[in-house]
Amino acid sequence: MKRYSAFALAREALRYHSGWSRVWRSPELKKSYDVVIVGAGGHGLATAYYLAKNHGITNVAVIEKGWLGGGNTGRNTTIIRSNYLQNESAAIYEKARSLYEGLSVDLNYNIMFSPRGVIMLAQTEHELRGYHRIAHANAVQGVSTEMLTPEQVKEKVPIIELSGPRYPVLGGLWQARGGTARHDAVAWGYARAASRLGVDIIQQTEVTGITQSGGQVTGVQTTRGEVACKKLGIVVAGHSGVLAEMAGFRLPIESVSLQALVSEPIKPCIDVVVMANTVHGYLSQSDKGELVIGGGADGYNNYSQRGSFHHVEETVRALIETFPIISRLKQLRQWGGIVDMTGDRSPIIGKTPLDGCFINCGWGTGGFKSIPGSGWSLAATMASGEPDALAAPFGLERFAEGRFIDESVAAGVAH
Ligand SMILES: Cc1cc2nc3c(=O)[nH]c(=O)nc-3n(C[C@H](O)[C@H](O)[C@H](O)COP(=O)(O)OP(=O)(O)OC[C@H]3O[C@@H](n4cnc5c(N)ncnc54)[C@H](O)[C@@H]3O)c2cc1C
């Protein structure tokens with residue numbers, strides 16, 4: 001696989017782009033691997049990449065029932081930030097954010113990381129106090145954030161209406177090096193880099209069963225036959241409960257559809273990401289000019305990947321008060337993704353009751369931002385067999401021990 005470079009671009013321009021090779025290989029599924037990862041979303045692909053790159057484990061298959069990046073990774077609103085409240089969360093999200101800073105170079109693939117800054121609006125006194133608390137916590141954790149006055153918010157976001165009738169803007173929590181990245185490119189970049197290191201990415205192949213012997217995982221059944229493996233990683237977001245049932249254990253996870261929409265493309269009007277957690281909506285502008293607007297999760301468990309009208313209405317109605325220009329825009333499209341919610345709104349990373357079987361799930365509505373950190377950490381955990389320092393607090397056993405990592409407030413709308 002050829003490296004991308006300015007020289008390669010110039011060479012291909014001269015020969016009508018006829019020499020580019022395929023971005024990743026599409027190999028046949030082998031009968032056995034050292035490691036099988038189920039799910040080719042960002043987290044599964046990043047795990048495979050760091051297994052190969054950091055730990056030299058390359059006899060790895062990533063098995064995906066659809067197309068890579070077609071789950072939540074390709075459906076999210078791409079917000080990247082690390083301004084969480086609890087130390088454990090700040091550590092893993094900041095690891096991920098800092099890896100995002102150099103990811104395009106590391107993967108030799110432009111993931112379009114755009115650290116344009118993220119503001120979380122405080123629109124009630126309660127929220128303002130909460131964000132002051134997070135800003136202080138972040139200062140201790142080494143995560144760079146600061147509080148903004150309403151005037152400073154207006155300076156950064158000229159289209160904002162500060163004096164809303166119900167929810168005036170009282171301030172904001174600002175993370176200057178937060179922002180966005182192109183979601184598909186993150187999946188494609190990890191896939192290409194992992195494939196280059198020898199990882200087999202097998203698309204259009206569903207894992208239908210997990211085989212075990214004496215409490216140890218031995219392989220998986222797929223729609224293309226059985227595959228043996230020494231270690232198994234379950235990284236399937238909204239389908240984690242389904243895979244856990246195949247492995248014989250239960251997860252404290254609920255799956256619901258989370259929705260988003262984009263407007264028609266307009267000229268640049270907002271160059272930061274704004275989250276309005278009280279009214280439950282957030283927006284940024286894509287490179288194409290669309291306003292990317294995130295909404296809420298369904299109030300009931302389901303496996304739907306479609307949008308619904310009442311969410312669009314609720315989200316837009318809530319945001320119009322703070323961003324009146326939205327009322328003049330047409331909606332281009334809407335969609336949903338199946339997110340995996342834990343009770344404390346923190347992920348589960350680590351070992352499972354089945355020996356050799358590891359899990360990474362529970363990122364819920366906010367796991368795009370954590371892809372590099374979580375892949376890094378799960379790879380270290382799978383390579384050594386024991387949770388690394390980042391993963392250790394997020395073990396499944398915390399639910400039995402009552403040792404929650406409560407991010408339900410800091411997460412807010414949680415993206
Ligand atoms: C509308 C929306 C907005 C969001 N906004 C943000 C945001 O702004 N910022 C943020 O940080 N996060 C956001 N998120 C959350 C984020 O998208 C997810 O947490 C993250 O993408 C999860 O990645 P993943 O790799 O774990 O899962 P996925 O990308 O869903 O990948 C899991 C893969 O597993 C595959 N799979 C499932 N079952 C099987 C099987 N039996 N066999 C083989 N393959 C299987 C699926 O097909 C899927 O491709 C948002 C999510 C949604 C839906």
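Every number here is computed from the coordinates shown, using simple stated rules; none is lab data. Keep in mind that what you see is a predicted model, and the values were worked out from it rather than measured. Note that each Cβ is placed from the backbone with ideal geometry, even for glycine, and that neighbours are counted across all protein chains shown.
Quick notes
- Between helix 371-384 and the chain there is an angle of about 30 degrees, using the helix long axis and the longest principal axis of the Cα atoms.
- Under Karplus coefficients 6.51, -1.76 and 1.60, residue-wise ³J(HN,Hα) of segment 92-97 in Hz, glycine/proline x: 6, 5, 6, 4, 5, 4
- Computed Kirkwood radius, in angstrom, where 1/r is averaged over Cα pairs of segment 12-147: 18.3
- Counting only Cα atoms, the chain measures 63, 63, 41 Å along its principal axes, largest extent leading.
- Here the 3J(HN,Hα) profile of segment 289-297, calculated from phi with Karplus coefficients 6.51, -1.76 and 1.60 at θ = phi - 60°, is x, 6, 7, 8, 10, x, x, x, 9 Hz, Gly and Pro shown as x.
- Surrounding net charge for residue 358, when Lys and Arg each add one and Asp and Glu each subtract one, Cβ distance under 14 Å: -2
- Per-residue Cβ neighbour rank within 10 angstrom, fewest leading, 136, 311: 136, 311
- Solution diffusion estimate, µm²/s, Stokes-Einstein, segment 67-128, Kirkwood Rh from C-alpha pairs, 25 °C, viscosity 0.890 mPa s: 175
- Those trypsin sites (Lys or Arg not before Pro) in segment 219-250 that DSSP places in a loop and that have at most 16 other beta carbons within 10 Å: 224, 250
- Legend: residue pairs 2/369; 65/95; 95/369; 267/330; 2/30, Cα-Cα distance threshold 19 Å; pairs beyond threshold, 2/369; 65/95; 2/30.
- Evaluated at q = 0.11, 0.15, 0.22 Å⁻¹: base-10 log I(q)/I(0), Debye formula over Cα of segment 149-258: -0.65, -0.85, -1.28
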